[in-house]
Amino acid sequence: AQTVTQSQPEMSVQEAETVTLSCTYDTSENNYYLFWYKQPPSRQMILVIRQEAYKQQNATENRFSVNFQKAAKSFSLKISDSQLGDTAMYFCAFMNTGNQFYFGTGTSLTVIP
Amino acid sequence: DAGVTQSPTHLIKTRGQQVTLRCSPKSGHDTVSWYQQALGQGPQFIFQYYEEEERQRGNFPDRFSGHQFPNYSSELNVNALLLGDSALYLCASSHYPEQFFGPGTRLTVL
């Protein structure tokens, strides 16, 4: 079975600073996808970034980037130049080859003006 | 493209009742998954539909059932509601490997 662990229930960061959210996962599969989703108070789950396990290059989307360490089964999210609109719950998710998703318990991020 | 839509937005039911939630997937997506998200928790996978059949199922009782229609839209049915069924129910549509979520239906069981 796959599990996803987010060990930081809450984090805060000053506006314009950089913050890193941690995620680890456990799987016996070799091919899979990893995701970070953002869920603002409006509750709409929004895809932030996606990483294919077979790619060594870390994914980047504007201010968002990941540090994917396959051997360590670690998948952290770095947010640069934090903005007030980044305040939200962030969920790390794992997708197996059967297209089934497993989510972590989330990290609540607050950007402080 | 309207993205993934869900109805209703909010719903209040009493214990023992039955409820039906609806989901229309993003254009071009043929797979629909349903998740239950309790307050303060991550989404928990209920089941997934593809080509009108349940393809995978999470650890949920048979009180939770679903259906997918030829146009790929889907319904989630919950029978004999319990207080513990109160949650945000999220629908996600996907076309491998992308998955996009709808805004959710907030179900309250009294």
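Spin-label model, B:Arg106 to A:Asn30: label points 7 Å out along the Cα-to-beta-carbon direction sit 4.7 nm apart. Taking chain A as a Gaussian network of alpha-carbon nodes connected by springs under 10 Å, the highest mean-square fluctuation of the residues A:Gln56, A:Gln100, A:Gln14 belongs to A:Gln100. Pick out, in residue order, every one of the chymotrypsin sites (Phe, Trp or Tyr not before Pro) in segment A:45-78 that is DSSP loop and has at most 12 other C-beta atoms within 10 Å; say none if there are none. In loop regions of segment A:45-78 (DSSP not H, G, I, E or B), the sparsely surrounded chymotrypsin sites (Phe, Trp or Tyr not before Pro) are A:Tyr54.
Rolled with a 1.4 Å probe across the full set of protein chains, the surface gives B:Asp85 an accessible area near 10 Å². Starting from the Cα of B:Thr5, move 7 Å in the Cα-to-Cβ direction to define the label point; list residues of segment B:61-78 whose amide nitrogen is under 13 Å from there. Residues B:73-74 fall inside that zone. Ligands, DNA and RNA left out, the 1.4 Å accessible surface of the protein assembly as shown is 47% carbon and sulfur atoms. When DSSP beta bridges are restricted to pairs lying wholly in chain A, around 85% turn out antiparallel. Here is the list for segment A:34-113: trypsin sites (Lys or Arg not before Pro) lying in DSSP coil, each with at most 11 other C-beta atoms within 10 angstrom of its C-beta, are A:Lys55.
The length gained on full extension between B:Gln18 and B:Glu51, counted as 0.36 nm times the residue separation minus their Cα-Cα distance, comes to 9.4 nm. Summed over both chains, the accessible area lost when A and B associate is about 1900 Å², using a 1.4 Å probe.
Of the GluC sites (Glu not before Pro) found in segment A:14-101, those that fall in a DSSP loop while having at most 15 other beta-carbon atoms within 10 Å are A:Glu15, A:Glu17, A:Glu29. Solvent-accessible area per residue in the protein assembly as shown equals 47 Å², computed with a 1.4 angstrom probe and all protein chains kept.
The values are calculated or read from the model by the stated rules, or taken from the named source; none is laboratory data. Predicted model, so just to flag it, every value in this text is computed and none were measured. Methodologically, a virtual Cβ is constructed for each residue, glycine included, from the backbone with ideal geometry; neighbour enumeration extends over all protein chains shown. Just the protein is used for accessible areas: all its heavy atoms, side chains included, with ligands, DNA and RNA removed. Shrake-Rupley method; radii C 1.70, N 1.55, O 1.52, S 1.80 Å.
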